[in-house]
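Asks: Here it is: the structure, laid out below.
The values are calculated or read from the model by the stated rules, or taken from the named source; none is laboratory data. Remember, it's a predicted structure, so these values are computed and weren't measured experimentally. Glycine also receives a Cβ, built like all others from the backbone with ideal geometry; neighbour counts cover every protein chain displayed. The accessibility values were calculated without ligands, DNA or RNA, using every heavy atom of the protein model including side chains. Shrake-Rupley method; radii C 1.70, N 1.55, O 1.52, S 1.80 Å.
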Amino acid sequence: MSEERLRIAIQKSGRLSEGSFDLLKSCGLTISRDKDKLYGRVREMPIDILLLRDDDIPEFVADDACDIGIVGQNVFEEERLEGAQDKPAQEVMTLGFARCQLMLAAPKDWTFDSPTMLEGKRIATSYPALTRAWLEKEGVNARAVTMKGSVEVAPRLKIADTVCDIVSTGATLDANGLKPVANVFSSEALLIRNANAFTQGKQEIYDALLKRINGVLTSRDAKYVMMNAPRSAIEAITEFLPGADAPTILELAGSPDKVAIHAVCRESVFWNTLEELKKLGASAILVLPIEKMMA
Ligand code: ATP
Ligand code: ZN
């Protein structure tokens, strides 16, 4: 095998870190690093990890300092709209964690019924490009004022009329006399890569890692479902099972009218799914977690 190593940029500490480390761990990678080191080495595959501030990740990946990275769509899209890089990093896929929303928030005493209310107003935000893109889409003429932190205090300080900020519980907004009124951008963690072709060595490592990431993502919600059912109900049950491929039908010893149905369901299996299966005639239903999956 070649000496080449794939370099992955992830957030050092913050709301993306845990999900990023968990994902790599689920891919079977253990990262050895000291707590405040900016660098980690993976033992199982030729991969190095760079631990950075999330805002630096798109640029590091675009510049070839790292090959791939994990960043919030909000940060990636903001930097893309700003057009800071000649050859920006490319999106590979969303990863299903660090979900959040960039929300427009207004003073609580506003009766907000339409974005046109923002006409001529000043909006404080750390995401001016995303905010402007939304205002343009809504056909509203307002000013986005850039603030790097403490955006929520802007209306109280009369720096701005409203704010556009990442909202989780809304408690910070509430404490500052604001309420969320419109969703400007929905975000989750995103895998990005350098836009240039990788060398063959790197490409092989990248392909192997991507296969594992895909396996982890598809098995995350997937369940192995087993049940007994009347032979006559096979068709109805198969149609009903969420996201299942062709199930396996097995004979049940001593019960010619009944079969066992085994299926991999790729979507969440809820209690009401089981109740519906029961109504269709299923019994002895078992739902098992799937640890690993590879197509
Ligand atoms: P850094 O020190 O790396 O610059 P930061 O303070 O800018 O960190 P975090 O607060 O850790 O950033 O958020 C990182 C990313 O996590 C955000 O850009 C967003 O994509 C996502 N995020 C933010 N808030 C939440 C939340 N409440 N829940 C889930 N994900 C969030
Ligand atoms: Zn940041």
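Asks: Could you give me the residue pairs with C-beta distances under 8 Å whose first residue belongs to region 189-212 and is within 21 Å of Gly96 (Cα to Cα), whose second residue is of a type in the set (Phe, Trp, Tyr) wherever it lies, and which are 6+ apart or on separate chains?
Replies: So the pair list comes out as Ala189/Phe97; Leu190/Phe76; Ile192/Phe76; Arg193/Tyr206; Tyr206/Phe198.
Asks: Within region 235-282, can you find the residues that are hydrophobic (A, V, I, L, M, F, W, C) and open to solvent by 40 Å² or more (accessible area, probe 1.4 Å)?
Replies: Scanning region 235-282 gives Ala236, Phe240, Ala246, Ile249, Leu250, Leu252, Ala253, Val264, Phe270, Trp271, Leu280.
Asks: Specify the residue that is nearest to Glu91 (Cα to Cα); the eligible residues are those in region 8-21 that are in contact (Cβ under 8 Å) with a residue 60 or more places away in the chain and surrounded by fewer than 20 Cβ atoms within 10 Å (Cβ to Cβ).
Replies: Going through the qualifying residues, I end up with Gly19.
Asks: What tally of residues in region 264-283 results from selecting those that are modelled with pLDDT under 95 and part of a strand (DSSP E or B)?
Replies: Result for region 264-283: 2.
Asks: Of the residues that make up region 28-49, is at least one part of a helix (DSSP H, G or I), within 13 Å of ligand 1 (Cβ to nearest atom) and either open to solvent by 10 Å² or more (accessible area, probe 1.4 Å) or over 17 Å from Leu190 (Cα atoms) (or both)?
Replies: No, that holds for no residue.
Asks: Based on this model, can you work out whether Ala105 counts as in contact with a Pro (Cβ under 6 Å, 6 or more places away or on another chain), surrounded by 15 or more Cβ atoms within 10 Å (Cβ to Cβ) and over 30 Å from Thr162 (Cα atoms)?
Replies: Spelling it out, it is not the case that Ala105 is in contact with a Pro (Cβ under 6 Å, 6 or more places away or on another chain), surrounded by 15 or more Cβ atoms within 10 Å (Cβ to Cβ) and over 30 Å from Thr162 (Cα atoms).
Asks: Continuing with the same structure: Anything in region 71-99 that is open to solvent by 30 Å² or more (accessible area, probe 1.4 Å), aliphatic (A, V, I, L, M) and under 21 Å from Gly14 (Cα atoms)? List them, or say none.
Replies: Residues satisfying the conditions are Met93, Ala98.
Asks: Among the residues of region 2-17, what is the count of those that are more than 10 Å from ligand 1 (Cβ to nearest atom) and modelled with pLDDT under 95?
Replies: Within region 2-17, residues that are more than 10 Å from ligand 1 (Cβ to nearest atom) and modelled with pLDDT under 95 number 3.
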